[in-house]
Amino acid sequence: MIFFCICALPIFEPLTISILSFGFLKLLICVTISLKIEKGKIMEKPSSDSHFKGMSFFFMFRDFFLPRGHVLKEVGIQPGSQVLDYGCGSGSYIVPLGSLIGENGKIYALDVHPLAIQKMQRIAAKKSLNNLETIQSDCQTGLPDQSMDVVLLYDTFHELSEPEKVLMELHRILKPDGILSLSDHHMKEDEMQSSVTEKGSFKLSKKGKKTLSFSKVG
């Protein structure tokens, strides 16, 4: 039924499309709350395969109605940038990132779940993203010091068992003028800000509608 509705969207009148979209978004929100769907990201142990597949299916529809590109526009990612998606999950941000950084940039997609890594590899092959590299890890990135222009930490921070260690690693790999972009709908804005800045390694540099941007200190 869902497949039919999406395929038939072009034949509906604009008003009908708006109603359908709004109704479907409400359904997605209800499903998220009732099933407590997480992204299966950087945790002590990966989520089950079935859980990850269910999450991937959910985010496929979310991204159809709410493309991730509008979130990334807040970050100010430039062509040629080196970007780490820390906790890439089902890869919602990978293709939009590829468009922003261009052929001269590079994307590093890190996740603890092997299915996430496999999915990133399929996306890279399908979209001809030759500048995508995957990293399977629960904390350490293995990247050189001061090598990243931007690190994305989206819907991941609340899952971290040792957030201080992760922030230390991200501080290490970010360039002096690098950006840590944080978004987590499981946490309040002031909670996110205090958690990142309390150790004095990062300071808030910009607030967007969907994201908080932090710069390095020291």
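Numbers below:
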read-out	value
Residue in the stretch 158-165 that is among the small types (Gly, Ala, Ser) and on the phi < 0 side of the Ramachandran plot present	yes
Selected residue [in contact with an Asp or Glu (Cβ under 7 Å, 6 or more places away or on another chain), polar (S, T, N, Q) and at pLDDT below 95] from 161, 137	161
Failed condition for residue 88, given (1) under 28 Å from residue 189 (Cα atoms); (2) in contact with a strand residue (DSSP E or B) (Cβ under 6 Å, 6 or more places away or on another chain); (3) surrounded by fewer than 23 Cβ atoms within 10 Å (Cβ to Cβ)	(3)
Subset of the stretch 111-131 [closer than 24 Å to residue 146 by Cβ and free of Cβ contacts under 8 Å to residues at least 40 places away in the same chain]	131
All positions within the stretch 125-166 that are within 16 Å of the chain's Cα centre (by Cα), in a helix (DSSP H, G or I) and of a type in the set (A, V, I, L, M, F, W, C)	157, 166
Residue count, the stretch 139-152 (criterion: over 12 Å from residue 83 (Cβ atoms), in contact (Cβ under 8 Å) with a residue 24 or more places away in the chain and either in contact with a Ser or Thr (Cβ under 9 Å, 6 or more places away or on another chain) or exposed (fewer than 15 other Cβ atoms within 10 Å of the Cβ) (or both))	4
Pick from the stretch 167-181, criterion assigned to a strand (DSSP E or B) and among the charged types (D, E, K, R), ranking: surrounded by the most Cβ atoms within 10 Å (Cβ to Cβ)	175
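The values are calculated or read from the model by the stated rules, or taken from the named source; none is laboratory data. Note that this is a predicted model, so its numbers are computed, not measured. Quick reminder, even Gly has a Cβ in these numbers, built from the backbone with ideal geometry, and neighbours come from all protein chains shown.
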